[in-house]
1. Given (1) surrounded by fewer than 17 Cβ atoms within 10 Å (Cβ to Cβ); (2) closer than 30 Å to Glu21 by Cα, where does Ile182 come up short, assuming only one miss?
2. Looking at (1) of a type in the set (Ser, Thr, Tyr); (2) in contact with a Gly (Cβ under 7 Å, 6 or more places away or on another chain); (3) assigned to a helix (DSSP H, G or I), which one does Thr97 not meet, given that it meets all the others?
3. Which ranges mark the helices (runs of 4 or more DSSP H) fully within the range 100-170 that have 1 or more residues being open to solvent by less than 60 Å² (accessible area, probe 1.4 Å), touching a Ser or Thr at 6+ places or on another chain (Cβ under 8 Å) and within 30 Å of Ala184 (Cβ to Cβ)?
4. Filter the range 221-244 for residues that are among the charged types (D, E, K, R) and under 18 Å from Glu27 (Cα atoms); which is surrounded by the most Cβ atoms within 10 Å (Cβ to Cβ)?
5. Quick check on my filter: what residues within the range 80-94 are crowded, with 16+ Cβ neighbours inside 10 Å and not in a loop (DSSP other than H, G, I, E, B)?
6. Please specify each residue of the range 1-57 satisfying the condition of being of a type in the set (A, V, I, L, M, F, W, C), within 16 Å of the chain's Cα centre (by Cα) and either part of a strand (DSSP E or B) or at pLDDT below 95 (or both).
7. All but one of (1) open to solvent by 10 Å² or more (accessible area, probe 1.4 Å); (2) touching a residue at least 40 places away in the same chain (Cβ under 8 Å); (3) not acidic (Asp, Glu) hold for Ser209; which doesn't?
8. If Phe61 satisfies every condition in (1) in a helix (DSSP H, G or I); (2) open to solvent by less than 30 Å² (accessible area, probe 1.4 Å) but one, which is the exception?
Amino acid sequence: MTQATIVDSHCHLDFPDFDAERDAIVERAVAAGVTRMVTICTKLRLEPQVRAIAEKFPQVFYAAGTHPMSAADEPLATLEELVALADHPKFVGIGETGLDYHYTAESAAIQQKSLRVHIAAARQTKLPLIIHARAADDDMARILREEHHKGAFSCVMHCFSSSAALAQDALDLGFYLSMSGIAAFPKSQELRDIFAKAPIDRVLVETDSPYLAPPPFRGKRNEPAYTANTAKVGAEVFGLSYEDFARQTTQNFERLFWKAKA
């Protein structure tokens with residue numbers, strides 16, 4: 001029987017944590033059945049080095065944007081520069097962008113402005129928006145609704161760990177929820193319950209590596225190979241075999257990240 005294959009829809013392969021062994025990291029991922037990875041650029045000035053990683057590895061695609069925690073410190077992204085990136089064959093998404101009031105609430109206004117620019121780029125390019133949301137549920141739901149009303153766009157709530165209300169708002173707009181290692185932590189039953197109520201065809205899996213390693217690696221550096229560990233928990237949440245969950249989330253990924261389709 002061939003190994004079930006799965007996708008890590010969100011990782012950060014350009015981070016210094018991986019500098020010493022990037023080739024080995026990708027090899028281990030493929031060996032674990034993770035046949036595609038989307039590496040995310042969080043500061044647009046670093047886009048060339050993230051692009052280079054995607055160009056080097058057949059299994060790696062990339063997205064770029066300005067992370068909300070960097071929105072006040074980086075130049076505001078323009079619609080033109082984000083749209084221009086979409087010309088690259090391995091550029092598959094816009095972001096990550098979003099709102100983070102946990103550490104950076106003082107920059108809420110510029111975060112919101114940046115988010116709306118990224119949404120406009122997603123709308124224009126038809127590429128999925130990649131959203132980071134933390135401690136900003138009300139503003140996030142309001143802006144997503146307002147912008148969707150102006151014109152449809154596709155979106156994933158990456159590393160989803162917010163409220164059931166925000167999950168429902170996102171699902172009502174046709175968006176996707178992505179399950180990270182947080183969903184596999186023993187104390188995350190409430191989050192698992194939120195995922196269990198979501199339509200299975202709207203769920204993705206990711207690592208957000210090097211952060212948030214799932215058990216049994218919690219507290220260590222995360223890497224794309226560990227997508228499989230989170231997916232095993234995801235399969236239990238939905239009452240599916242690992243193979244069926246891997247197949248379904250891969251289909252979901254290909255529907256949303258259409259440029260990365262196998």
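The values are calculated or read from the model by the stated rules, or taken from the named source; none is laboratory data. Here the structure is a predicted model, which means the values were calculated and not measured. Positions of Cβ are backbone-derived with ideal geometry, glycine not excepted, and every protein chain shown enters the neighbour counts. With ligands, DNA and RNA removed, areas are computed over all heavy atoms of the protein, side chains included. Shrake-Rupley method; radii C 1.70, N 1.55, O 1.52, S 1.80 Å.
1. Only one criterion in (1) surrounded by fewer than 17 Cβ atoms within 10 Å (Cβ to Cβ); (2) closer than 30 Å to Glu21 by Cα is unmet by Ile182, namely (1).
2. The single condition Thr97 does not satisfy is (3).
3. 108-125, 137-150
4. It comes out as Glu223.
5. Within the range 80-94, Leu82, Val83, Leu85, Phe91, Val92, Gly93, Ile94 meet the criteria.
6. Scanning the range 1-57 gives Ile6, Val7, Cys11, Val34, Met37, Val38, Ile40, Cys41.
7. Condition not satisfied by Ser209: (1).
8. Of the numbered conditions (1) in a helix (DSSP H, G or I); (2) open to solvent by less than 30 Å² (accessible area, probe 1.4 Å), the odd one out for Phe61 is (1).
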